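> Take a look at this one; I'll ask things after.
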Amino acid sequence: MDTVVEMAPSRAFARSAAQTARLIAAGRLAQPRRMTAARLRFADGTTSVVFRETTIRGVEVPGPAVLVVGFQLRLIGRAQFPHAVFRRECVLHTPLFAGFAGFRSKLWLADEVTRGYHGVYQWAGADLADRYATTLSELLDVVCVPGSVRYHVVADLTRGEYLAGVLAAPDGGSWWQLAAPVQRVPA
């Protein structure tokens with residue numbers, strides 16, 4: 001049995017930042033726009049819009065897993081301008097996730113009504129996704145509305161299958177489930 005040694009969140013994020021720098025230097029980190037403006041309707045009745053996508057080029061996805069994260073920021077309230085600023089500056093947060101083992105892609109989503117945020121990730125391995133989400137939760141708990149940070153990992157599922165509605169729950173499922181398949185946005 002393999003033993004996993006947990007590390008402090010600050011050390012884990014530092015390692016991720018170093019790996020992200022290597023990915024950027026190698027030209028493997030990308031910000032495609034194919035999903036930008038796609039609307040995801042969640043089973044809890046909320047709708048979020050994709051405002052950014054981050055992917056690693058040229059990697060396989062053995063043992064795929066989908067990670068869905070949700071949270072609401074505490075300090076910027078509900079005013080539109082601070083959220084617009086956050087959506088622009090959050091690209092600076094990329095080193096906090098892109099270098100974690102198993103990361104493959106992330107869709108960044110914002111809900112204009114609730115001012116909540118989602119991340120829909122493709123991960124290689126549910127255990128790696130869960131380890132990252134646990135570390136991320138420790139960071140988000142500091143800056144988010146108490147009780148708003150949540151995540152769900154689905155093993156053996158690709159992001160494409162998730163977006164196609166494989167686990168859709170149109171009649172009031174869980175917060176992380178889609179209510180319907182995602183419709184592609186015209187180019």
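Readers should treat all values here as calculations from the given coordinates under stated rules, not as data from a laboratory. Predicted, not measured: the structure shown is a model, and the values here were computed from it. Cβ coordinates were reconstructed from backbone atoms using ideal geometry, including for glycine residues, and neighbour counts include every protein chain displayed.
> Compute the semi-axes of the equivalent ellipsoid of segment 15-114, taking the square root of 5 times each eigenvalue of the Cα gyration tensor, and list them largest first in whole Å.
For segment 15-114, the ellipsoid semi-axes come out as 25, 17, 12 Å.
> Based on DSSP H runs of at least 4 residues, each adding -39500 (n - 2.57), what is the mean residue ellipticity at 222 nm of the chain after dividing by all its residues, to the nearest 500 deg cm²/dmol?
-8500 deg cm²/dmol
> Also: GNM on the chain, C-alpha springs below 10 Å: top fluctuator among 153, 145, 68?
Of the options given, 145 has the highest mean-square fluctuation.
> Oh, and also: I want to verify a result. In a Gaussian network model of the chain, Cα cutoff 10 Å, which of these has the top mean-square fluctuation: 147, 45, 116?
Ranking 147, 45, 116 by mean-square fluctuation puts 147 first.
> Also: Hey, in the GNM for the chain with a 10 angstrom Cα cutoff, which one of 85, 120, 61 fluctuates hardest?
The residue with the greatest mean-square fluctuation here is 85.
> Please state, to two decimals, what the Cα-based radius of gyration of segment 78-187 comes to when divided by 2.2 N^0.38 Å (N = residues).
1.12
> Going by average Cβ density within 10 Å per residue, which order do the peptides 167-180, 91-104 take, highest to lowest?
91-104, 167-180
> Let me check I have the definition right: for segment 4-66, take the eigenvalues of the Cα gyration tensor, multiply each by 5, take square roots. What are those semi-axes in whole Å, largest first?
27, 19, 13
> On average over all directions, what projected area in square nanometres does the chain have, based on the convex hull of its Cα atoms?
So the mean shadow area of the Cα hull is 11.2 nm².
> Another question about this same structure. Excluding residue 74 itself, what net charge comes from residues whose Cβ is under 13 Å from its Cβ, given Lys and Arg +1 and Asp and Glu -1?
Spelling it out: positives minus negatives among the neighbours equals +1.
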